[in-house]
1. Taking the conditions exactly as written (touching a residue at least 60 places away in the same chain (Cβ under 8 Å), surrounded by 13 or more Cβ atoms within 10 Å (Cβ to Cβ), hydroxyl-bearing (Ser, Thr, Tyr) and closer than 17 Å to Thr52 by Cα), does Ser149 satisfy them or not?
2. Looking only at the range 41-65, filter to residues that are of a type outside the set (A, V, I, L, M) and touching an Asp or Glu at 6+ places or on another chain (Cβ under 8 Å); which one of those is farthest from Asp137 (Cα to Cα)?
3. Exactly one condition in (1) in a loop (DSSP other than H, G, I, E, B); (2) farther than 14 Å from Ile42 by Cα is not met by Phe128; state its number.
4. Looking only at the range 39-54, which residues are in a helix (DSSP H, G or I) and either crowded, with 17+ Cβ neighbours inside 10 Å or of a type in the set (Val, Ile, Thr) (or both)?
5. Quick check on the range 12-38: of everything there that is polar (S, T, N, Q) and at pLDDT 85 or above, which residue is surrounded by the most Cβ atoms within 10 Å (Cβ to Cβ)?
6. Consider the range 107-125. How many of its residues are in a loop (DSSP other than H, G, I, E, B) and among the aliphatic types (A, V, I, L, M)?
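The values are calculated or read from the model by the stated rules, or taken from the named source; none is laboratory data. Worth saying up front: this structure is predicted, and the values here are computed from it rather than measured. No Cβ is skipped: glycine too gets one built from the backbone with ideal geometry, and neighbour counts run over all protein chains shown.
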Amino acid sequence: MSLVQRDGILMILSQCIGAFIAAALVYWVYIDIEVSLNNSSIFATYPRAGITTGQAMVSSIIGTAFMILSINCVVQSKPPHKPDLSLLPIYTGIAVTTYGIAFSLNTGYAINPARDIGPRLFIFLIGFPDSFKRGNDVISWYWWIPIISPLIGAIREYFFDFLYFEMFFSCELYL
């Protein structure tokens, strides 16, 4: 296993553990909350009523791709257009917030698999009903959509960036 693969796996595990711990802290804040189907949406993402599997997937794929595109435009800009990288957290926050405003209605902010699977595992362990089975009136077993769709969106954006910026444009265009 290469160093990059090992670091990638450690980053994924760290994010899942961090989201699990964050869900535990939120639960601690709402310790008197009723352990019910309705309250589980405080912790994990669920689709709004009437959304199909395709709509939920497209919403997460496109939203994640746009978010990754906006972050990559800041990070990978060529020198005359490159902003100060100390502002990268602000640009990332703007990208995540914009995604949330534009694309979270259908799926409840399903942009990062760790953000969903960590809290979902936590609510399953403390006894919230149907943590993995719940969906809406159209979708059952929704849990896999916030895991797969953002990955598809991020991979799609990576290949788009590679094909569009690396293969079709030369560096002279940015100088």
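1. yes
2. By that ranking, first place goes to Thr64.
3. Every listed condition holds for Phe128 apart from (2).
4. Start the filter on the range 39-54 by keeping residues that are in a helix (DSSP H, G or I), which leaves 39-42, 53-54.
The answer is Ser40, Ile42, Thr53.
5. So the residue we want is Gln15.
6. Counting residues in the range 107-125 that are in a loop (DSSP other than H, G, I, E, B) and among the aliphatic types (A, V, I, L, M) gives 2.
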